[in-house]
Structure formats: C-alpha cells, structure tokens
Amino acid sequence: MAECLLDIKKLCTSYDESMVLKEIDLSVYKGEVLCIVGESGSGKSTLIKAICEDKSVRVNEGSVMFKGSHCGHKLLGSSIGLVQQNPEGAFNPLRSFDVQFAETLKSHKREPDKEKLAAIFSTLGLKDTDKLLKMRPYELSGGMNQRMAIAASLLLNPELLLCDEITSALDVSTAIAVVDELLRLRREFGVTIVFVTHNLGIAANIADRVAIMYQGKIVEIGDAKDVLTNPKHEYTKGLLRDVPRLKAM
Amino acid sequence: MIKKAIKKIVSLIVILMILSFFVFALLYIAPGDPAEKRLTSQGVAVTKEVLDAERERLGLLKPFLVRYGEWLVRVIRGDFGVSFKDDMPVAPKLWAGLRNTTILAMTSLILSLLISFPLAVLSAIKKNGIADNIIRLFSFIGNSIPNFLISVLLMYFLCIKMKLFPVIASENLQGLFMPVVSLSIPMTGRFIRQMRTEFLIQLKEDYVVGMWGRGVKGRYIVLNILRNSIGHISTVIALQIGTLMGGSVVIETIFRWPGIGKLVMDSITARDYPVIMGFVIVMGTIYVVINQVSDILGHLMDPRTNI
Amino acid sequence: MKQRTLREKKLKKRIIVVSLLALLIILMTTFAGVIAPNDPYTTSASSIRMAPGAQYPFGTDNLGRCVFSRVLYGGRTTIAATFLLVFISFSIGTVIGMLCGYYGGILDQLLMRLADIMLAFPQMVVAIAVAGILNAGMSGAMVALGITMWVSFARLSRSHTFSIKKEAYIQAAFFAGKSDFYIIMVHVFPNLLAPVLTNALTQIGTTMIGLSGLSFLGLGVVPPKAEWGSMISEAKAYIQIAPWAVLFPALATIITIIVFNYLGDVVMDYMEV
C-alpha cells in the first residue's frame, strides 16, 4: 500500500461530558479518497474536529498522527486543508476574496502564486478570476462560495483535504458539480481527500474506500465496492436497504 | 442607492418637523400663556391691559398653526427669537454654549473610546479570563453610577481631600479634566459592555471558524472581527451621544462650565422659554443627524442591512 | 448538557441572593417610618452638621435633620417613583405593543412610526426640557422620562405578539370562536410576560439614574421632601464641612442602582441559558 498519511489510533473523545468517539482506529493513505459515512450524531464531524484539534472536542485517549508526527492545528491550511459544511461560513461575508486569500497566504508566509490560483480556479470551473476575486462572499451563491472555499484551502498545496459535509447545504445539481470538480482536483494535484457525508450516493461515486460510522464507532471499513455491495455489518445493510436506487448499482 | 438616500433624507426631514412641532408645543403645555410667562419672567406686574398688549405684540392672537409656521421659518433661518430675560437674541447664546459643550463632549467621547475599545477587545478575546472579569466588574460599576454622583465624589476626593484640582472649572485643560472624567466614566462602562457583546457575537460567526480552519493567524481574525463590528459600534456611539448631551447638562451645571447645558439650566430657573426651545431644537437636530449618518455608515459597512 | 444545568443552577442561586438584597432595600425604605430613628423633616438649630454618632448614625445636615432617616425616606421617594414609572411605561407599552402586533394594519403603522420618532430624539434632552417647562415636581420628571420609556416595551411586546400569533393554538382558539380580548389575555399576554418583565427589570437602574439626575438638577422633588438626588445636590454646597450629608445618600444611590442593574443582568443571562 501507499504511504500512510494520517494514522488514528484508539481515539476516544468527549463533548460536553458525553462520550462521542469510542476507540477509533483509522488510517488514510496517500492519494486515496476515503469517505466517512454516517447519520448525523454518529460522530463523523467530531472526528474531523478531533483531527484539527478543535478546542470544543476533548481527546481522552489515543492519538492522531500526520506522517508520523503529532497532528494538530498548526498543520491546518498548509498540510491539511479543511472545507466545512456551511458554504457561507468559510469567509468573512463583508470583505472581498482577494484580501482574504492574501491573509491566508500571509498567515503561512507564502507568496501569492497567480498561476496556481488560475489552475485551481479553472479546475473548479470558475471563470473571470479577477472579477470573482474582487467580489464579496455575500454577493455569491452557496455553490460558488463552496468552490471558493475549496480553492482557498488548496492554495497552500495541502497533502490532505478534509471535507466536512461540504455538499449537504447545496442543491443536488450543484453538489454533483462540486464533487466532480473535487475528483478532477485529485487527478491534477494529487491531493488525498477525506470526505465526510451522510449521503451514500455521493460516497459510491467518489470513494476508493468507505468507512461506516455508527454511534461513535467505525463499524465497517473497506474497499468502496466491497462495503457498498457486500456489507458485513447489520447497520450498513440497513443503510443500504434505505437507499433503494443503490441496489441497481 | 439614490432611492435609499432620498428615503433617508425624507425621513430626516419628517423627524425634524415633528421635533420642531413638539418643541413649539412645549411652550403651550406649561401653565399660563406665553405672554404671561414673558411678563412674569421679566418681573412685570401682570394686568389685563399689559397682557393684551403683550399678546398683540407677540402675535399670539393669530391661529396656532400660523404661529408655528412663522416660528419654524425663523428657526430655519437661524433666528431663535429673543430671550425673555434680557431681550437679547437667543441664537448667539446658543452657539457660544454649543461651542463649549462640543469641546467638553468631544473630549469625553474620544477619551472614552480610547479607553473602552482596547479593553473591550481584550475582554472579548480573553472571555472569562481574569482580565475579562476585572474589566467587566469595572465597566458594570461605571455604568451603574450616575454622572452627577461621580462628579460630586471626584470633587470631594480630588479637590477637597487631595486638593489636586480647583472646584470650579476654568476654560483650560486643568478645568476640563474633572468634567471630562465625570462624563467619561459611565460612558466608558457602557461602551465596554456594548462593544464586548458585539465582539463576542462576531467571534461566534461562521467565518471565524472558516478562517481558523485555513490556519489564518489570530491577528488577522481579530482584524476581521473589528472590521465587521464597525457598523454596530457606530450605532452605539451615535446613541450614546444622546446620553452624553443629557449628562453634559448635569456636569456643566455642577462645574459651572459655560456650555449649552448650563445655559439651559439657567434658563429653566429664569423660565426663559425661547432659550429652552432653542436648546431642544439644536441638540435634537444634532442628535438626529448624527444617528442618520451612523445608519448610512452602518449600511456602507454592511450592505446586507437595511436603512 | 451537564455544564448548562450547572450554569443554570449557579445563575438561579445568584438571582435569589440579589433578589433578597433588592427586597431588603425595598423593605427598608418602605418601613422607613419604623426604622428611622428621627423625623426626617424636623430641623434643629442645636444639631447642625453633626458628625455621625449614636443619635444620628449618618450625622445631620445643614438644617440639623437626621441624614440616616432622610436616606431611608428619600429611598422611598426614589424607589417608589422608579417602580411606578416603570410599571406605567410597562402597562402602556405592552398594551400598545399587543394591539399593534395582534391587529396590525394602519394603527400598527402609525404607532410604530411614532415609536421610531420617539427613539430618534435624545431622551435626556427632551426630559430636561419637559421637566423644566412643566415645573411640576416629581410627577413632571416622571412624565418627562415616560414620554420615551414606553417605546421599548411596545416594540418588544409587539414582536412577541407577532410570533405568538402564528402559533397553532392561537389559530385553534380563533376558530373555536374565542373573542380577541380572550385570546390576547389568555394566550398572548402570559406568553410575552417573561421577556417584557425582564426588560422592565433592566429599566429600573436606568430609570433611577434618570430620575435622581433630574432631582439633582432641581427638576424632580420639591424640597424639603427627601430624595437622594436632591439631598446630594443640597448638601454638596457644604461638602467640605459635612461630607457625610453627601456621601451616605451617594452610597445608598450607588448600592441600590448596582443591586437592581445586577439583578437585571443575571435575569437576562438566565433567560438566555
């Protein structure tokens, strides 16, 4: 197998006194797309927060390692890109994109790279780069904002991109477009993607591997095809039964 | 944009019209009629003949609305009539007082902002820390003490006990100190409380999480929060100017600062109505204009808000 | 979840303690007649400006009146006037707000425009002018402050009435043929009482500051009636000789305002949890 990028061992966390993640073991390998699927409350967002060392999540036990060293907030942006659920939430709605992109770059002591930005924009299907950069987030739609958020997180060449439910606030056709663009990004920039979603359809479309989360545990993990066509765990079977159109796949 | 500007100007005019009508009506809610008031305030014995002559002279026999119209036209031209007390024009008195009040109020406002802004930022960033608790305690106490009490206490401790300052303000920097401090303490308390609340609201906004997720440095996040708070803070400042106007009446009276507030208190004692009316018109107009301007500023800062 | 209940408990405890303090202040001033050691209005040439002692715990003023007794009686004036004014503004504002929110239409538009305009004026400036021109003592001062005070209650109860009106049970009551008056009194009013009362609570401190400020300027009570603002105003002339005549009413004012402001703050926090 390829190089192990992210290694999570026996991770237990709590959130306001109640246990959320129970003994999570998970490895993410370079170049793959790993989908973490689960219903809301299953702990998938908490897992992302734990990887990013969000203060609201308390890690009781276990470790998260990125390329063999301790993983943490300092890696955010530069080595690990994070795109979140709310498309309006990535940027200050009242300031133009170019200033905010510049602030992101300056925070990591990087010089602006126009070609790189243009490449990312064209892969994401964004035209009129200059005009777009002069606009302010509140003037754009949710889908456009989400693309800008992905562009901003790719600007610093992260090796790993964490996507937390990035399509759930978008309408179906926009969501499909964003997912397609994400796959194109992987092809062109070789970025590893962890994609958290509750939507099995999207997982089936993009994942190399799928992990199913249920009540704070990973109940099943494996090759996307295997998990989705030949589930072992009762919960996964139940999930698949609830998505009739997947059976035809 | 032009439509909004027109709407704003129209509402400004409507508010000022109502203010002027209200002020004109003030003269009629007081006991007795204006002619009688004028005569008594000048110490003339009121007989029926004198009263009738005075009424005729003041144009009181015309209908109410006609008199209001005539008065309004004069006020717009900057003519606030003559003082009941000494028959001198009211306008120069008001402008002289206003100049001194502006010095006092602006100094206090700037001082309060200089103190409260950094403290509110610190308090919000270090929420529930030691600094936050101390700042909150002091701003709470400052907000709870009426400014007349602060000035009396300052007078007692600084002027009488420690003999640091003269009791009566002279028109220099030293004389300005005590009135400014008296006005600033409660205002600083209020500013800190309101700004802190606004910063905390901004801290909870989604974009802060988004920036954090891209590894944006703390100082840039703070700058974004400050940028987005400007609109709300300008509203807070504009509203506080109303409190400042009331406060300066009290403070000017205590420290004998020759501002418009002391002028109006002297006029209330002398029942000199044209001065009182002029005072409300001038202060009200300034306040209304400042608030409308701050609304426009808020809209420019955050175009999503309505004006 | 546990943290929330913990915070709720802590706030509840604080509310109880501060309410007891507020109650103590109210009771002390209400029963001023029983507690006060001396008559607050009896002047005495033989005991002018006496320092605090056994007979006069807070000393005496320029006319030989007992400062302690005057502080107690003065508190009664200040607190009673404040509560009365807040209550009247609360009643008028809430009724207007409920009618506007319930019926809407032209009445609503007119009254809310009026409210906007009221808020556009500087409150203290208007109050000083009105109180000064009315020259009617404490009731004049109350009218002067009350002109703008009802607005916050009206706006608050209007917006709550608006949202309550959309609830299903109101529709049900309406279709059950209940009268508008019945619906407003039984369904609307009890549901907006909590936020509007909280607003009333937070207004107490500000009102007290306003009223005592007007009294200090000589636009409130007419001497010799005891009131904190006017006591301070009178005694500041001879503060050098008899500081106690200023400091004790000042302390009483500060403590009272702090207690009521703090009560307002904690109750607000509690409502938000």
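Cα-Cα pairs above 36 Å in chain C: how many percent? Please list the in-between numbers first.
Working: 10480 of 37128 pairs.
Everything past 36 Å amounts to 28 percent.
Taking a straight Cα-Cα cut-off under 18 Å and skipping sequence neighbours fewer than 8 places away in the same chain, the lysines within cross-link reach of B:LYS85 are B:LYS37, B:LYS93, B:LYS262.
In the range A:4-241, a dipole from Cβ-located charges (positive for Lys and Arg, negative for Asp and Glu) runs towards its positive end, and of A:TYR214, A:ILE176, A:LEU6 it is A:LEU6 whose Cα lies farthest in that direction. Couplings for the range C:172-188, taken from phi via the Karplus curve 6.51 cos²θ - 1.76 cosθ + 1.60 with θ = phi - 60°, read 4, 4, 5, 6, 6, x, 6, 6, 4, 4, 4, 4, 4, 6, 8, 9, 7 Hz in order; Gly and Pro are left as x. Here the range B:128-226 is described by how far its Cα atoms reach on the three principal axes: 58, 25, 19 Å, from widest to narrowest.
Going from the fewest other Cβ atoms within 10 Å to the most, the residues B:VAL75, B:VAL46, A:VAL33 appear in the order B:VAL46, B:VAL75, A:VAL33.
Computed from the Cβ-Cβ distance with R0 of 45 Å, the FRET efficiency linking C:TYR169 to A:GLN215 stands at 0.75. Taking the C-alpha atoms only, the angle from helix A:172-189 to the longest principal axis of chain A is near 80 degrees.
On the principal axes of its alpha carbon atoms, the protein assembly as shown extends 109, 68, 65 Å, with the longest extent given first.
Using the Cα coordinates of chain A, the gyration tensor eigenvalues translate into equivalent-ellipsoid semi-axes of 30, 21, 17 Å, sorted from longest to shortest. As a ratio to 2.2 N^0.38 Å, the alpha-carbon radius of gyration for the range B:1-52 is 1.94.
Shown is the FRET efficiency for A:LYS134 and B:LEU223, computed with R0 = 25 Å from the Cβ-Cβ distance and rounded to the nearest 0.05: 0.80. Among beta bridges from DSSP that stay inside the range A:4-241, the antiparallel ones total about 55%. Taking amide hydrogens as placed 1.01 Å from N in the peptide plane, the amide H of A:LEU82 sits under 5 Å from those of A:GLY77, A:LEU162, each at least 5 positions away in sequence or on another chain. The relative contact order of the range C:1-146 comes to 15 percent, based on Cα pairs under 8 Å that sit 6 or more residues apart. Within the straight-line cut-off of under 18 Å between alpha carbons, the lysines reachable from A:LYS237 are A:LYS217, A:LYS225, A:LYS247, sequence neighbours fewer than 8 places apart in one chain being disregarded. What fraction of the Cα pairs in the range A:104-248, stated in percent, has a spacing above 19 angstrom? Of the Cα pairs, 58 percent sit more than 19 Å apart.
Scaled against the 2.2 N^0.38 Å expected of a compact globular protein of N residues, the Cα radius of gyration of the range B:89-146 reads 1.68. Assuming R0 = 35 Å, can you tell me the calculated FRET efficiency for the pair C:GLU272 and C:LEU107, based on Cβ-Cβ distance, to the nearest 0.05? Computed FRET efficiency for C:GLU272 and C:LEU107: 0.60. Among the residues of B:215-225, the average count of other protein chain beta-carbon atoms within 10 Å of the residue beta-carbon is 5. The lysine pair tally for chain C, using Cα distances under 18 Å and a gap of 8 or more places or different chains, is 6. Set the Cα radius of gyration of the range A:1-70 against 2.2 N^0.38 Å, with N its number of residues, and you get 1.10.
In this simple spin-label model, placing a label point 7 Å from the Cα along the Cα-to-Cβ direction at both C:LEU197 and A:GLU32 gives a separation of 6.0 nm. Helix C:67-103 and the longest principal axis of the C-alpha atoms of chain C enclose an angle of approximately 10°.
The phi torsions of the range C:220-226, fed into the Karplus equation with coefficients 6.51, -1.76 and 1.60 and a -60° offset, translate into couplings of x, 5, 9, x, x, 3, 6 Hz, rounded to whole numbers, with Gly and Pro shown as x. Each Lys or Arg adds one and each Asp or Glu takes one away; over the other residues whose Cβ falls under 14 Å from the Cβ of A:GLU23, this sums to +2.
Quick check on the range B:223-307: what does the Kirkwood estimate of hydrodynamic radius come out to from the alpha carbon pairs, in Å? It is 14.6 Å.
Pairs from the list A:LYS49/A:LYS116; A:LYS67/A:LYS109; B:LYS8/B:LYS62; A:LYS49/A:LYS74; A:LYS134/B:LYS7 with a Cα-Cα gap above 25 Å: A:LYS49/A:LYS116; B:LYS8/B:LYS62; A:LYS134/B:LYS7. Each Lys and Arg adds +1 at its Cβ and each Asp and Glu adds -1 at its Cβ; summed about the Cα centre, the protein assembly as shown shows a dipole of about 580 debye. With contacts taken as Cα pairs under 8 Å at a separation of at least 6 residues, chain A carries a relative contact order of 26 percent. Between amide H atoms placed 1.01 Å from N, distances below 5 Å from A:LEU21 occur with A:THR13, all of them 5 or more places distant or on a separate chain.
Which loop trypsin sites (Lys or Arg not before Pro) in the range A:174-239, with loop taken from DSSP, have no more than 15 other Cβ atoms within 10 angstrom of their Cβ?
For trypsin sites (Lys or Arg not before Pro) across the range A:174-239 that sit outside H, G, I, E and B with at most 15 neighbouring Cβ atoms in 10 Å, the list reads A:LYS232.
Given +1 at the Cβ of Lys and Arg, -1 at the Cβ of Asp and Glu and no other charges, the dipole of chain C around its Cα centre is 680 debye to the nearest 20.
Its Cα centre serving as origin, chain B has a Cβ charge dipole (Lys and Arg +1, Asp and Glu -1) of approximately 1120 debye. Taken along the Cα-to-beta-carbon direction at a fixed 7 Å, the label points for B:PHE117 and A:ARG187 span 5.3 nm.
Every read-out reported here was derived from the displayed coordinates using simple, explicitly stated rules and does not represent laboratory data. Computed from a prediction, not measured in an experiment: that's the story for all the values here. When we count neighbours, we look across all protein chains shown, and the Cβ atoms used for this are built from the backbone with ideal geometry, even at glycine.
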